[in-house]
1. Given N residues in region B:67-119, what is its alpha carbon radius of gyration divided by 2.2 N^0.38 Å?
2. Antiparallel as a % of all DSSP beta bridges within the protein assembly as shown, to the nearest 5?
3. Run through all the Cα pairs of the protein assembly as shown and give the fraction in each 10 Å bin from 0, expressed as whole percent.
4. Once the convex hull of the C-alpha atoms of region A:1-149 is built, how many Å³ does it hold per residue, rounded to a whole number?
5. Run the numbers for A:Lys301 and A:Ala19: contour at 0.36 nm per residue of separation, minus the present Cα-Cα distance, in nm.
6. Determine which residues of region A:280-303 fall in the zone a paramagnetic label at A:Val309 would reach in this model, i.e. backbone nitrogen under 15 Å from the point 7 Å along Cα→Cβ.
7. Need one number: nm distance between label points at A:Asp190 and A:Arg156, each 7 Å from Cα along Cα→Cβ, rounded to one decimal.
8. Considering all projection directions equally, how large on average is the shadow of the alpha-carbon convex hull of region A:108-156, in square nanometres?
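What follows draws every value from the coordinates through simple rules; no lab data is involved. Fair warning: this is a prediction, and the values are worked out from it, not measured in the lab. Here the Cβ positions follow ideal geometry from the backbone for every residue, glycine too, while neighbour counts run over all protein chains shown.
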Amino acid sequence: MQLIYEKSREGCRAITFDALDVPEAPLPAGLLRAEAARLPELGEIEVVRHFTNLSRRNFGVDSHFYPLGSCTMKYNPKMAEAVAAEPGLARLHPHLSSSPAYWPACQGALQLVYETERLLAEIGGMKQVSIQPIAGAHGELAGTLLIAAYHRAKGRHRDTILIPDSAHGTNPASAAIAGFKVVQIPSAPDGTLDVGAFKAALNDSVAAIMLTCPNTHGLFEPGIREIAAAAHEHDTLLYYDGANLNAIIGQCRPGDLGFDVMHFNLHKTFATPHGMGGPGCGPVGVGPRLEPFLPGPRVVKDGDAYSLVTPEQSIGKMSCFFGNFMIAVRAYAYIRHLGDKGLKEVAQYAVLNANYIHARLKDAYTPAFGLRFMHECVFTAAPQAKKGVKALDIAKALLDRGYHAPTIYFPLTVKESIMIEPTETESKQTLDDFCDAMLEIAALADRNDNDLAHAPFTMPVGRLDEVKAARELNCAC
Amino acid sequence: MYPNDIKYTKDHEWIRDEGGVCVVGITAHAASQLGDVTYVELPEIGQDVKKGAAVASVESVKAASDIYSPVRGRIAEVNDDLLGKPELVNQSPYDQGWFFKLDDVDTADLRHLMDAAKYEAFVAEHAE
């Protein structure tokens, strides 16, 4: 398939403008380009066909099973899309929230923000939530800025955040952008946090520890209460990365485990499709200690009326208006639709499905850890790699069999890692078909089948040169 | 298998005393575990570094890792060639693929690091 730049023919246009019938206003020379931008030139139908055909080559949750570990690529019910398409929500002008004079005209939207924040606070065991952050990592940044504000208000300098070696890369990035030094805490051999090493790293310069629980090994941290107690002795705060909230939703609450601040990924756990940088929503939740510093403005309820206030010690705005409001709409619809019982079942089936896959694959692939997995299971393809078949080859072979590849080479703590997260939305039939494909590939790997090194064969492109792509990045479609 | 004129760390850096300055890089084992290196970040010259401080980083298609200083010292020179040709880390880990040079080093600190035989045993022990 040609790139759109290769299809370009000089002079082709999708739109033609009428002749100028007003005097031309000259632009300052400093604003003019020295040479014309190299834009593709095509007719409208050619553009539509190009992008429609590209989209048909895509792997998505609506077309394929997508067990991409750590990403929770679950099915997003169309019900939430229907709610978000309601004109009263979809066509609302964001500036209605900008002046008290307009608030009476957007009470429903303000109520939705208020109630979504209350529902998330209940789910997280937090005192308050702000839906402003527009991505998971943005929620992390909000959280680390809140942590900084808390210690600053106490008149002390805390410059360090502790982060496990199994963490998502966004954790150290967020901490660094908020101005902290990062100290890495090793995992114990069983895949959980090394509590001894954590305690040894703890001192009065440590502002917080950022944890994902279950962690990225798919394991619940059994020492979490001990970790929380040790941290709180130093007034070190606990940050909960909501990446794996799908595993515990409705079963236990980060706030009850001792966490002071957390983020949710509404685009992931709560009914918005995600991946590839689409709009997200990463609400930040806080316990009582961090409440005074929340991003503003906040929706408050007085009787039946909703209005906006900004807390005196607020860290300020994290985004325009209320961030990606429409993602919160989908989350609200999803939470109200499932209710208590439904949300509890999300976690139950997410964990059951991952353990089913683990049980079916554990003789053919080596589990990375001996503990019981939660919502995802992590294998190491190190034994297969010794025979010449790498995790990458296994992942590519799955594409030919109609499955999106699991996450590979993450977490970094596991050699030749294969990380499978089926989510709660898949049927036993789908899980069985996927396991059959994995077992077939394992048998091929055992015989060191040469084909595996060259898979995939049925995709629009074969083995991509990832090294060249990383070294000579050139984005075009 | 590993050169005898250099010392090794558990984080897979090597350090070579060239009399006055010490050269630091990552081992062939580390480079092969990372896979093809796609990007290298180097420290600022003149910066004082502690033993174990993260002073540089290396990225491959698979992973990103910090490079730690094996000893205390000051960054005297960095290998700018790696910025345009990160593949040197894979192709020539002990020669053209070096990362940075340290001066103001107490060479006695090098004695605590592993020699080639010990490093080889360390790698074998941690391989699965």
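1. Values: Rg = 12.8 Å, N = 53, 2.2 N^0.38 = 9.9 Å.
Region B:67-119 yields a ratio of 1.28.
2. On the way: 47 of 64 bridges.
Around 75 percent of the beta bridges assigned by DSSP in the protein assembly as shown are antiparallel ones.
3. For the protein assembly as shown, the binned pair fractions read 3, 14, 21, 24, 21, 12, 4, 1, 0 percent.
4. It comes to 312 Å³ per residue, whole-number rounded.
5. Details: separation 282, 0.36 × 282 = 101.52 nm, distance 5.46 nm.
Result for the pair: 96.1 nm of gain on full extension.
6. Inside the label zone: A:291-303.
7. In this crude label model, A:Asp190 to A:Arg156 measures out at 3.2 nm.
8. On the way: hull surface 16.4 nm².
If I average the Cα hull's projected area over directions, I get 4.1 nm².
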